[in-house]
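The values are calculated or read from the model by the stated rules, or taken from the named source; none is laboratory data. Just so it is clear, the structure is predicted and the values come from calculations on it, not from any experiment. Here the Cβ is made from the backbone with ideal geometry for all residues, glycine too, and neighbour counts use every protein chain on show. Heavy atoms of the whole protein, side chains included, go into the accessibility calculation; ligands, DNA and RNA do not. Shrake-Rupley method; radii C 1.70, N 1.55, O 1.52, S 1.80 Å.
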Amino acid sequence: MQKKRIAILTGGGDAPGLNAVIYSFVRACLNTMDCELIGYRFGYRGLYKNDYIPLDRHTTSGILHKGGTILYNSNKDNLFNYTVEENGVKMQKDVSDIAVENMKKEGVDVLVVLGGDGTLTSARDFARKGVKVIGVPKTIDNDLASTEVTFGFDTAVNIVTENLGRLHTTAESHHRVMVVEVMGRSAGWIALHAGIAGSADVILIPEIPYNIDGIVAKINERKAHGKQFTIICVTEGAVEKGGSASIGKIVEDSPDAVRFGGVAAKIAHQLESRIDNEVRHCTLGHIQRGGDTSPADRILSARYGVKAAELIKEEKFGNMVCLKNGEMNYVSLEDVVGGAKVTGETAKGGDKMVDPDGEMVRVAKMMGISFADA
Ligand code: F6P
């Protein structure tokens with residue numbers, strides 16, 4: 001039988017664990033199949049420009065623990081709606097057939113795509129064009145309904161937890177209120193988990209609109225118990241009751257154009273006139289995605305990578321690897337994208353939001369953490 005040629009790419013934003021998936025996937029393929037591997041660079045752009053590197057034990061050596069991706073990322077290059085310049089005019093074009101041709105020319109039999117909603121939507125569309133595709137879900141936000149946990153989430157929670165600890169000591173020294181903005185877009189998983197683990201006093205998430213009076217009440221309650229400082233952990237996409245999320249910037253040519261930002265500064269400003277503590281705010285930003293991948297994410301990524309190799313061996317194309325009931329499984333790419341916002345895992349995809357009446361919120365509330373929603 002002819003040697004299989006397998007390609008892999010990493011689309012969307014980076015997430016800790018991408019390299020660990022590449023590492024485990026390459027080894028699992030080489031150990032179980034007669035194959036050679038290539039990695040397209042900068043996500044789908046590499047597929048369009050035929051820009052790739054060979055992947056083997058040597059080129060993937062020593063990357064298991066490292067955040068980022070040796071294949072680089074792009075969250076702008078949707079080949080089904082790609083920005084091209086013709087006669088000095090910029091326009092959007094479907095260039096996906098060029099990518100398919102490139103794969104044919106290079107003899108690529110299978111394409112493995114690591115990414116979030118946008119990247120997986122294109123993966124589904126390539127599958128519809130007859131490409132043998134396997135998807136692997138990725139996002140630090142943990143907001144994909146078709147899998148229980150995404151890699152990168154645990155690392156982000158660890159980083160936020162550590163930083164909440166650091167902010168405790170400085171806040172306590174100055175009797176300050178500290179408002180800490182964390183990632184997660186419209187899903188509050190990072191703030192909720194890290195807020196519990198890092199002893200935040202107030203957690204604000206998009207799924208539970210807050211009111212400023214609720215935050216002030218918690219600060220005053222703590223003062224009544226002799227605690228002169230308060231730590232508030234807020235998701236970037238959190239909303240005040242009756243208000244809307246703070247938009248940081250619009251990235252025009254990104255499929256998900258809105259970047260949130262500024263909610264911590266807004267809350268700090270609102271609090272300043274209502275309490276006598278000094279208030280400071282800080283945004284943890286991309287620190288949450290950088291550095292080394294946590295051991296739990298390395299293990300999860302290894303499982304995702306190996307399962308992707310197994311799906312190729314079993315010729316189960318058009319599917320995405322997922323975690324179901326704690327075990328590696330797979331689900332059709334047709335089902336994983338474009339679903340409704342839901343509060344639990346579902347085989348039908350969509351965005352997985354925090355359930356305001358679910359266990360984790362109840363645990364936090366029973367511990368005395370406020371969501372400022374009274
Ligand atoms: O979806 C992952 C994520 O890190 C979000 O938490 C955040 O809002 C966004 O990406 C930031 O995007 P960018 O890297 O383009 O600034």
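What the table below lists for this structure:
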{"read-out": "Charged-residue dipole, Cβ positions (Lys, Arg, Asp, Glu), the range 132-175 about Cα centre, Debye nearest 20", "value": "220"}
{"read-out": "Carbon/sulfur fraction of accessible area - the chain, other protein chains in place, 1.4 Å, %", "value": "49"}
{"read-out": "Whole-number D in µm²/s for the chain (Stokes-Einstein; Kirkwood sum over Cα pairs; 4 °C, 1.567 mPa s)", "value": "60"}
{"read-out": "Where only C-alpha atoms are counted, convex hull volume of the range 260-374 per residue in Å³", "value": "183"}
{"read-out": "Relative contact order (%) - the range 135-224, alpha-carbon pairs under 8 angstrom, separation at least six", "value": "24"}
{"read-out": "Fraction of beta bridges assigned by DSSP in the chain that are antiparallel (%, nearest 5)", "value": "35"}
{"read-out": "For the range 48-161: accessible area per residue (Å², 1.4 Å)", "value": "42"}
{"read-out": "Relative contact order for the chain, counting Cα pairs under 8 Å that sit 6 or more residues apart, in percent", "value": "21"}
{"read-out": "With DNA, RNA and ligands ignored, accessible area of MET353 (1.4 Å probe; Å², nearest 10)", "value": "20"}
{"read-out": "Cα-centre dipole for the chain with unit charges at Cβ (Lys and Arg positive, Asp and Glu negative), debye to 20", "value": "500"}
{"read-out": "Calculated diffusion of the range 82-234, Stokes-Einstein form, Kirkwood radius summed over Cα pairs, 4 °C and 1.567 mPa s, µm²/s", "value": "68"}
{"read-out": "For the chain, calculated [θ]222 nm from helices alone, where every DSSP H run of n ≥ 4 adds -39500 (n - 2.57)", "value": "-10500 deg cm²/dmol"}
{"read-out": "Per-residue ³J(HN,Hα) for the range 158-174, Karplus 6.51 cos²θ - 1.76 cosθ + 1.60, θ = phi - 60°, Hz, x for Gly and Pro", "value": "4, 5, 5, 4, 4, 6, 5, x, 4, 6, 4, 5, 6, 5, 5, 4, 9"}
{"read-out": "Charge dipole of the chain about the Cα centre (unit charges at C-beta), most positive-ward option of THR10, VAL26, ASN277", "value": "VAL26"}
{"read-out": "The range 67-181 - percent relative contact order, Cα under 8 Å, separation 6 or more", "value": "14"}
{"read-out": "P(r), alpha carbons of the range 195-276 - 5 Å bins starting at zero, rounded %", "value": "3, 13, 22, 23, 17, 10, 6, 3, 2, 1, 0"}
{"read-out": "Sequence ranges 218-228, 141-151, ranked by mean other-Cβ count within 10 angstrom, highest first", "value": "141-151, 218-228"}
{"read-out": "Surface accessible to a 1.4 Å probe, ASP109 within the full protein complex, Å²", "value": "70"}
{"read-out": "Cα centroid separation - the range 327-374 against the range 227-285, whole Å", "value": "22"}
{"read-out": "Solvent accessible area, Å² - ARG27, 1.4 Å probe, full protein context", "value": "40"}
{"read-out": "Pairwise centroid distance, computed over Cα atoms, of the range 87-113 with the range 178-218, Å", "value": "42"}
{"read-out": "Rg/Rg_globular for the range 263-328, with Rg_globular taken as 2.2 N^0.38 Å and Rg from C-alpha atoms", "value": "2.00"}
